[in-house]
Amino acid sequence: MDALSTEIARPSLSGATRVVVKIGSALLVDRETGALRAEWLDTLAQDVADLRAAGCDVVVVSSGSIALGRGVLGLPATALALEQSQAAAAVGQIRLARAYEDALARRGIIAAQVLVTLEDSANRRRYLNARATLEMLLGLGSVPIVNENDTVATDEIRYGDNDRLAAQVAVTVGADRLILLSDVDGLYTANPSIDPSATRLEVVDVITPEIEGMAGDAGSGLSKGGMRTKVMAARTATASGCAMAICKGAGLHPLRALADGAPATWFTAQLDPQTARKRWIGAMKPKGEITLDAGAVAALAEGKSLLPVGVTAVTGRFGRGEPVSMLGPDGARLGQGLTRYTGEEARTIRGRRLAEIEESLGYPGRSVLIHRDDMAL
């Protein structure tokens, strides 16, 4: 397929069920004064409220804590030492969180702050905990505001830019749209400020070396991201079934403008997020086996999760979140899934009902052994 093809319908916000919106520092913080762009944030909050009213979950990945804090502390608008950046983040993050909380509260929306580091996605247990927290927050109707924990992160344990973080968050929550609000309106064939013949790409179906070669590294003085990091984010997101847009975000109501057809570059996803996730699970090497009774097999056929009560045997050594094969009573392989218990725990609670799990383990347990969203049958 031609990487620059426009025959596939251009994606849009219409019909999205879960959207991750990435906001750069230059959009939130005035470059001249170092102050928060309060009016802009207020219109963004209204756009988020409109998406939620249409039945769409929203996660915001926001830069801005260092840019906001450096102005409050009177630090220079040049490169900061690590300790200065961490101090600026500590001051700016509390102000940024309050600004989001106030703007969303005026629309009756609860804001939640989630601070992460690279280790939270690299470490399997921490990744699962972060995923569970975000899913719970979305299920309770709140809007998570995610940022890198710049007060403690060092170069060795940081994402380095929020484009990369936003793509990882989109994968984590199974988003079907990732929107990178930027100071540019998309990916161009060349740098438009240098080459007058440069044209913006409307749709990118496949990220080829040619596409990667079009990306530069120029960023604003307040942000760390460049076009190259955005293309890298697109590769991560689209591989997981999430379409991604790069669009200009400095104007008021930036998400509404995108929905109304504002200039953007859309990177298409060839699969839906759930299908992509199930293919990923199915390709993993199982660490153990779980044998089901006939009732559990029937429940799985109806699209239900696997409960401990339907398990008759557990073999292998595996940790929480690792892949295991699911076998029928006759030993036939049904598929595999990511377990929410360790092998030792699973052996302890096999065949037991929810009310008996805490008594068996000595602490409260999860209601399902393998959730239906974590299965590839």
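Only the coordinates and a few stated rules stand behind these numbers; no lab work does. Computed from a predicted structure; not experimentally measured. Here the Cβ is made from the backbone with ideal geometry for all residues, glycine too, and neighbour counts use every protein chain on show.
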Report summary line: The residues Trp266, Trp280, sorted from fewest to most surrounding Cβ atoms within 10 Å, come out as Trp280, Trp266
Query raised in the report: In debye to the nearest 20, how big a dipole does the stretch 222-301 give about its Cα centre with +1 on each Lys and Arg Cβ and -1 on each Asp and Glu Cβ?
Result: 460 debye
Query raised in the report: Per residue and in Å³, how big is the convex hull formed by the alpha-carbon atoms of the stretch 67-106?
Result: 56 Å³
Query - Theoretical FRET efficiency, 1/(1+(r/R0)^6), r = Cβ-Cβ of Thr312 and Met136, R0 41 Å, to 0.05 - result: 0.85
Query raised in the report: Any idea what angle helix 124-139 forms with the longest principal axis of the chain, computed on alpha-carbon atoms, 0 to 90 degrees, nearest 10?
Result: 80 degrees
Report summary line: Which of Val309, Val116, Val203 fluctuates most in a GNM of the chain (C-alpha springs under 10 Å)? That residue is Val309
Report summary line: Charge dipole of the chain built from unit charges on the beta carbon (Lys, Arg +1; Asp, Glu -1), centred at mean Cα; most positive-end Cα among Ala234, Pro286, Ser197 is Pro286
**Report entry** Residue of Pro144, Pro209, Pro323 that the Gaussian network model of the chain assigns the largest fluctuation, springs spanning Cα pairs under 10 Å
**Finding:** Pro209
Query raised in the report: Considering only DSSP beta bridges whose two residues both sit in the chain, what percent are antiparallel, to the nearest 5?
Result: 40 percent
**Report entry** Anisotropy class of the stretch 165-268 from Cα gyration tensor, a/c 1.5 cut
**Finding:** rounded
Report summary line: Rounded to 0.05, the calculated FRET efficiency for the beta carbons of Ser14 and Glu210 at R₀ = 25 Å is 0.30
Report summary line: Over the chain, the sum of -39500 (n - 2.57) across DSSP H runs of at least four, divided by residue number and rounded to 500 deg cm²/dmol, gives at 222 nm -11000 deg cm²/dmol
Query - Given 15 as the ceiling on other Cβ atoms within 10 Å, longest exposed-site-free region of the chain for GluC sites (Glu not before Pro) in DSSP loops - result: 33-201
Query raised in the report: Dipole of the stretch 284-376 (Lys/Arg Cβ +1, Asp/Glu Cβ -1, origin at the Cα centre): which of Gly362, Ala332, Gly319 lies farthest to the positive side?
Result: Gly319
Query raised in the report: Considering the chain as a Gaussian network with a 10 Å cut-off on Cα pairs, which listed residue, Asn149, Asn162, Asn191, attains the greatest mean-square fluctuation?
Result: Asn191
Query raised in the report: Going 7 Å from the Cα of Thr342 toward and past its Cβ, which residues in the stretch 283-306 have a backbone nitrogen under 19 Å from where you end up?
Result: 287-290
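Using alpha carbon coordinates only, what is the Rg to Rh ratio of the stretch 18-275, with Rh defined as the Kirkwood radius?
Result for the stretch 18-275 is an Rg/Rh of 0.94.
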Report summary line: In debye to the nearest 20, the charge dipole size for the stretch 24-116, taken about the Cα centre with +1 at each Lys and Arg Cβ and -1 at each Asp and Glu Cβ, equals 140 debye
Report task. For Asp185 paired with Arg235, estimate the spin-label separation in nm (one decimal), with each label point 7 Å from Cα along the Cα-to-Cβ line. Result -> 2.8 nm
Report task. Between Thr199 and Asp272, take the C-beta separation as r, use R0 = 35 Å, and let me know the FRET efficiency to the nearest 0.05. Result -> 0.70
Query raised in the report: Taking the Cα centre of the stretch 284-376 as the origin, how large is its charge dipole in debye, to the nearest 20, when only Lys and Arg (+1) and Asp and Glu (-1) carry charge on their Cβ atoms?
Result: 200 debye
